[in-house]
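The structure appears right after this line, and notes come after that.
The values are calculated or read from the model by the stated rules, or taken from the named source; none is laboratory data. Note that the coordinates shown come from a computational prediction; the quantities given were computed from them, not determined experimentally. Positions of Cβ are generated from backbone atoms using ideal geometry, with glycine treated the same way; all protein chains shown enter the neighbour counts. Remember, those area values only see protein heavy atoms, side chains included, never the ligands or the DNA or RNA. Shrake-Rupley method; radii C 1.70, N 1.55, O 1.52, S 1.80 Å.
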Amino acid sequence: MPADVKGARDGAGGERLRAIAVGTATCGRSVGALEVLEALRVEIAELGLPYRLVEVGCLGHCYAEPLVTVEAPSGRVNAFGYLDAVAARYLLRTCFGEEEPESDFYLGRLEDDGAIASEALAARNALERRVVMENCGIVDPCSIDDYRRRGGYEALRRALELSPDDVIEEIAQAGLRGRGGAGFPTGVKWRACREADGAEKVIVCNADEGDPGSFVDRVIIESDPHAVLEGMLIAGYAVGAREGRVYVRAEYPLAVDRMRQAIRQARDARLLGEDVLGAALSFDVDVFEAAGAFVCGEETALIASMEGRRGEPRLRPPYPAERGFLDRPTVIDNVKTLAYVRHIIERGARWFRGIGTASSPGTGVFCLTGKVARPGLVEVPLGSTLRAILYDAGGGMVDPNAEKPGRETPNIGNGGYCTRPRAPETVFKAIQIGGPSGGFLPASALDLPVDFESLRDAGIIMGSGGMVVMSQDDCMVEMARYFLEFTQSESCGKCVPCRVGGQLMLDILGAVARGEGSEESLEALRSLAVHLRRASACNLGRTAPSPVITALRFFEDEFRAHVERRMCPALVCRDLISYEFEDVGCTSACEQCSVVCEAITSALGYDGLSGRMYRTHEIDDDLCVRCAICVDSCAGVNHRAVRKVTPAKRQRTKGGA
Amino acid sequence: MSTVSLVVDGRRIEAEHGENLLGVLLRSGSYVPHLCFASADLPVRAACRLCTVGVEGRDEPVFACEAKAEAGMVVDTRDVQALAWARASFDLVMATHQVRCGSCARFREQGTCDLREIAHHLGAPLRSSWGSCAAPRPGGNSGAAPRGREAVLCDAAGPMRVDAQACVRCGRCVDACSSAGAGILCFLGRGSAYRVACIGDGGDASASARACTACRACVDVCPAGALELARV
């Protein structure tokens with residue numbers, strides 16, 4: 001709860017205003033948080049209720065957005081989720097004022113570090129350790145005063161009392177490793193920069209976050225931008241830099257705005273500029289908007305783009321800490337890495353080492369997406385197993401039959417022919433870690449501890465913390481192809497293995513997905529992957545084959561089904577599946593499907609025994625384009641009469657079977 | 001600036017400490033296949049990935065353009081693994097180059113080209129095992145059009161034309177134009193669309209066209225015979 005609001009009174013000195021905080025980070029906004037905010041604003045004003053509205057960032061429970069936290073009369077804060085404008089108005093009049101609300105929308109009690117306490121979340125709370133996420137969803141990201149009331153900029157004050165070398169020593173002792181993916185020891189990097197020749201050093205915050213499916217850095221900047229600034233200030237003091245840049249991808253407009261606003265506020269508060277905190281430190285920061293290239297998350301390409309050159313990686317050595325931006329010694333740190341700095345300075349290296357493992361101390365913030373029950377951000381000690389992250393924190397696999405509060409499907413008819421059959425259970429198949437540079441792990445790897453060494457030994461990297469959860473409905477060939485398509489479209493194109501070899505791999509995978517592959521295809525993929533890994537000029541090319549190689553390693557049978565039997569077991573690849581109606585015939589007379597698709601013909605039948613009319617449908621496989629509109633329209637009336645089968649019924653007439 | 005001694009294929013070579021290893025090898029007469037390395041004065045591109053050599057003490061081949069001369073270095077330019085890596089890269093390079101020597105102006109004039117020299121040195125076939133399927137987008141494959149004077153060239157890049165089915169994206173023309181010419185050539189696009197173009201290509205290339213003096217620095221330095229002046 002924003003600290004300045006407790007005890008606030010309205011202008012007339014009357015009843016104390018209690019705070020309602022609405023999560024308006026991008027996750028909330030994308031599902032209607034601003035409408036909820038507006039509805040609450042209007043309603044509170046009309047009814048004259050003793051509430052004060054504030055906008056906060058993301059608690060990490062993105063699955064429950066729009067999410068609102070409400071201060072009860074005792075000061076206890078309750079969290080409500082899955083809201084919309086209607087639900088918000090209703091709850092405002094009913095249980096927002098209660099100490100222990102009873103409502104489908106009530107998630108639990110909000111604790112001071114942002115954890116939501118409830119029985120359903122008990123396992124998650126036992127596992128989670130919110131450090132970097134401590135302020136997220138609680139502090140007002142647009143208020144430097146709120147940040148300071150929660151202890152912000154105290155670490156900077158402490159750091160300025162130490163010598164720069166002592167600050168570096170504390171970070172080094174803590175064993176903080178870069179959270180951008182490489183896991184390089186931050187203390188070593190800072191020390192190298194401090195000792196490098198050159199008076200004009202630079203601190204760069206890498207907020208390019210290009211991994212599809214990863215939005216941890218976005219959440220941190222939108223929810224707690226001052227934590228990042230404080231980290232940069234401490235880094236600047238430690239290495240002797242006067243200048244900082246926050247390199248944010250332009251596709252994060254809210255993060256760009258919030259960071260710019262935080263910088264302005266810090267300057268006004270004399271926490272940036274000349275004489276920071278009255279000490280002899282001068283440090284200022286500017287935001288640099290990236291122009292849309294995944295490769296520019298790579299530090300030398302990032303530097304090139306800041307210098308106005310083509311975003312291409314260059315040879316290392318020299319490393320940026322020695323010669324970076326404009327040939328000046330430059331520290332480039334990920335958002336998360338910088339966000340840890342203030343905690344380490346305040347609580348000490350030994351405290352940090354007490355979390356996580358010996359070689360990977362501290363916590364990791366992971367971004368769960370895909371077929372998981374509770375997508376969003378979780379922060380756990382490094383070394384936690386995948387199983388714990390997925391099941392305890394993430395709630396396991398999503399239940400396709402569960403419905404969100406307030407959005408239950410109306411039950412038409414009672415046991416009649418419009419009740420919706422149960423969807424099959426979602427079963428874990430694979431988890432993708434580390435984005436397009438990472439790889440897939442199967443169920444047998446669920447007990448793997450998530451730390452830098454274990455992941456490296458498993459042949460993948462941690463990346464920016466993205467974890468995409470896949471089920472039996474996901475095709476590993478298509479997933480590998482999807483990630484390779486991404487790296488190919490983002491390749492800078494300079495070096496031969498990545499540009500030519502990567503494109504060949506993508507062409508081959510595409511052919512496999514279309515049922516045009518062969519045994520040679522799999523061999524070719526492996527040999528090309530070997531060459532990209534050993535001969536590419538930068539890590540984009542070196543790691544681009546990882547999704548393909550890990551998919552081949554753990555799911556070879558699935559690839560073989562595609563090339564040998566032209567089947568897609570997951571029923572995804574369009575050229576290898578057909579749609580058909582269930583044998584029993586559809587008992588609804590609704591005709592929703594044949595109305596929307598000309599490939600569907602229907603006939604009426606009559607079952608003399610039961611006296612029921614029924615419909616039979618046929619899908620012309622040659623006309624069918626596998627768009628699934630029949631499935632959607634059937635679902636719209638709570639039915640599930642269409643299924644997919646493999647191999648496809650029709651003969652493909654493209655050249656080369 | 002101290003001198004160091006290296007052993008290259010059994011011969012003793014002197015070099016400056018920290019000198020670019022590929023530069024040392026080439027100037028001392030030890031040929032190593034290369035396309036994107038023009039001279040030791042220019043920034044290293046490290047793009048063609050052909051210049052692998054074996055270095056004693058290293059488990060894996062080293063890209064000579066990425067390495068620096070150090071005292072006591074022992075280099076083997078015929079290291080088996082290094083050649084295997086180079087052949088694999090060359091195989092990919094040739095996937096982007098339509099082999100039509102019979103109608104190539106460079107081949108007609110000189111009887112050879114850099115690509116043929118590299119193939120010979122590596123003992124590798126000229127034609128890629130991948131076919132020429134990796135000939136670049138967006139022009140697409142226009143089929144087996146004859147090259148040279150009668151050629152249907154795919155891309156116009158201002159005052160010169162780049163045959164996109166022959167260009168191997170080595171960057172020598174860009175470097176040559178930059179150091180000896182008007183400095184109008186650059187790379188545009190990314191991924192498979194990475195191509196040689198003149199500044200302003202796709203928009204207003206008139207400034208580039210005016211600046212070009214037809215000095216032929218680019219045409220002469222191209223290892224693949226892919227450049228031709230648009231006006232004679």
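When exposed loop sites are taken as GluC sites (Glu not before Pro) in a DSSP loop with at most 16 other Cβ atoms within 10 Å, the longest stretch of chain B clear of them is B:71-232.
How much area per residue is accessible in region A:571-650 when the probe is 1.4 Å and only protein heavy atoms are counted (Å²)? Intermediate values should be presented prior to the final figure.
Numbers: 4400 Å² over 80 residues.
Accessible area per residue, region A:571-650: 55 Å².
Modelled label-to-label distance, B:Glu70 and A:Leu162, 7 Å Cα→beta-carbon offset: nm? The answer from the label model is 3.4 nm. Label reach from A:Glu403 (point 7 Å along Cα→C-beta): in region A:626-646, amide nitrogens under 11 Å belong to A:638. Using a cut-off of 30 Å between Cα atoms, the listed pairs A:Lys429/A:Lys649; A:Lys336/A:Lys371; A:Lys201/A:Lys336; A:Lys336/A:Lys404 include A:Lys336/A:Lys404 as exceeding that distance. The gain in end-to-end length when the A:Leu47 to A:Glu154 segment is fully stretched comes to 34.5 nm, 0.36 nm per residue minus the alpha carbon separation. Using 0.36 nm per residue and subtracting the Cα-Cα separation, the extra length available between A:Glu200 and A:Glu598 on full extension is 136.4 nm. When you filter the trypsin sites (Lys or Arg not before Pro) in region A:49-142 for DSSP loop state and at most 15 other Cβ atoms inside 10 Å of their Cβ, you are left with A:Arg76. Counting only DSSP beta bridges whose two residues both lie in the protein assembly as shown, roughly 70 percent are antiparallel. Under the membrane-span-like helix rule (DSSP H runs whose alpha carbons stretch at least 18 Å along the helix axis, mean Kyte-Doolittle hydropathy 0.5 or higher), chain A yields A:33-47, A:225-239. Both radii are taken from the alpha-carbon atoms of chain A; with Rh as the Kirkwood radius, Rg/Rh is 1.01.
Figure legend: label point modelled 7 angstrom from the Cα of B:Glu109 along Cα→Cβ; residues of region B:176-192 with amide N under 17 Å from it are B:176-177, B:181. Once you keep just the Cα pairs under 8 angstrom separated by 6 or more residues, what percentage relative contact order results for chain B? Averaging sequence separation for qualifying contacts and normalising by length gives 16 percent for chain B.
Distance between the pseudo-spin-label points of A:Ile355 and A:Arg526 (7 Å out from Cα toward the beta carbon): 4.3 nm.
Split the accessible area of chain A by element, probe 1.4 Å, and carbon with sulfur accounts for 49%. Taking N as the residue count of chain B, its C-alpha radius of gyration divided by 2.2 N^0.38 Å amounts to 1.07.
What FRET efficiency comes out for A:Glu289 versus A:Ser30 if R0 is 25 angstrom and r is the Cβ-Cβ distance? Round to the nearest 0.05.
Efficiency, from the Cβ-Cβ distance: 0.75.
Can you give the accessible area per residue of chain B, in Å², using a 1.4 Å probe? Walk me through the intermediate numbers first.
Numbers: 10490 Å² over 232 residues.
With the other protein chains kept in place, chain B gives 45 Å² per residue.
What's the local net charge at A:Ala339, with K and R +1, D and E -1, over the other residues with C-beta under 10 Å away?
On the way: positive: A:Arg179, A:Lys336, A:Arg342; negative: A:Glu134, A:Asp217, A:Asp224, A:Glu230, A:Asp333.
Computed value for this residue: -2.
Residues B:Asp163, B:Asp114, sorted by accessible area with the largest first, give B:Asp114, B:Asp163 [1.4 Å probe; ligands and nucleic acids excluded]. List the residues of region A:485-501 that lose 40 Å² or more of accessible area once all protein chains are present, compared with their chain alone (1.4 Å probe, heavy atoms only, no ligands or nucleic acids). For region A:485-501, once contacts with the other chains are taken into account, A:Lys494, A:Val496, A:Arg499, A:Val500 lose 40 Å² or more. In region A:151-353, the DSSP beta bridges split such that about 15 percent are antiparallel, to the nearest 5.
At a Förster radius of 56 Å, what calculated FRET efficiency corresponds to the Cβ-Cβ distance of A:Arg270 and A:Asp607, to the nearest 0.05? List each step's numbers first, then the result.
Details: r = 83 Å, r/R0 = 1.48.
Once the sixth-power term is evaluated, E becomes 0.10.
When the P(r) of region A:15-129 is calculated, the portion above 24 Å amounts to 18% of the C-alpha pairs. What residues of region B:77-110 lose no less than 40 Å² of accessible area with every protein chain in place versus their chain by itself (probe 1.4 Å, heavy atoms only)? Those are B:Trp85, B:Leu92, which lose 40 Å² or more relative to the chain on its own. Note on region A:440-472 and region A:176-248: Cα centroid distance 25 Å, given to the nearest whole angstrom.
Ignoring everything except DSSP H segments at least 4 long, calculate the 222 nm mean residue ellipticity for chain A; use -39,500 (n - 2.57) per segment, divide by total residues, nearest 500. Working shown, then result.
On the way: 23 runs with 221 residues, N = 657.
Computed mean residue ellipticity for chain A: -9500 deg cm²/dmol.
Taking Cα centroids, how far is region B:55-90 from region A:553-623 in Å? Going from one Cα centre to the other spans 58 Å. Placing a label point 7 Å from the Cα of A:Arg242 along the Cα-to-Cβ direction, the residues of region A:179-210 with a backbone N closer than 12 Å are A:199-202. For A:Phe105, what charge total do you get from the other residues with a beta carbon under 15 Å from its beta carbon, if Lys and Arg give +1 and Asp and Glu give -1? Around A:Phe105, the surrounding residues sum to -3.
How large, in percent, is the carbon and sulfur part of the accessible surface of chain B at a probe radius of 1.4 Å? Walk me through the numbers on the way to the answer.
Details: 5400 of 10490 Å².
C and S fraction of accessible area: 51 percent.
Using the rule -39500 (n - 2.57) for each DSSP H run of four or more residues, divided by the residues of chain B, the 222 nm mean residue ellipticity is -6500 deg cm²/dmol. Could you compute how much accessible surface A:Glu209 exposes when probed at 1.4 Å, giving the result in Å² to the nearest 10? Here the accessible area works out near 10 Å². When the accessible areas of A alone and B alone are added and the area of the pair subtracted, with a 1.4 Å probe, the result is around 2300 Å², both sides summed.
For the pair B:Arg210 and A:Val188, what calculated FRET efficiency results from E = 1/(1 + (r/R0)^6), where r is the Cβ-Cβ distance and R0 = 60 Å, to the nearest 0.05? Intermediate results must be reported in sequence, preceding the final value.
On the way: r = 51 Å, r/R0 = 0.86.
So, using R0 = 60 Å, E works out to roughly 0.70.
Net charge near A:Asp620, counting Lys/Arg +1 and Asp/Glu -1 over other residues with Cβ under 12 Å of its Cβ?
Computed value for this residue: -3.
For region B:192-232, the list of trypsin sites (Lys or Arg not before Pro) that fall in a loop by DSSP and count at most 11 other C-beta atoms within 10 angstrom reads B:Arg231. The residues of region A:294-341 listed by number as losing at least 30 Å² of accessible area in the complex, against the isolated chain and with a 1.4 Å probe, are A:Arg310, A:Leu315. Sorting the Cα pairs of region A:246-311 by distance into bins of 10 Å, from 0 upward, gives 21, 37, 30, 12, 0 percent per bin.
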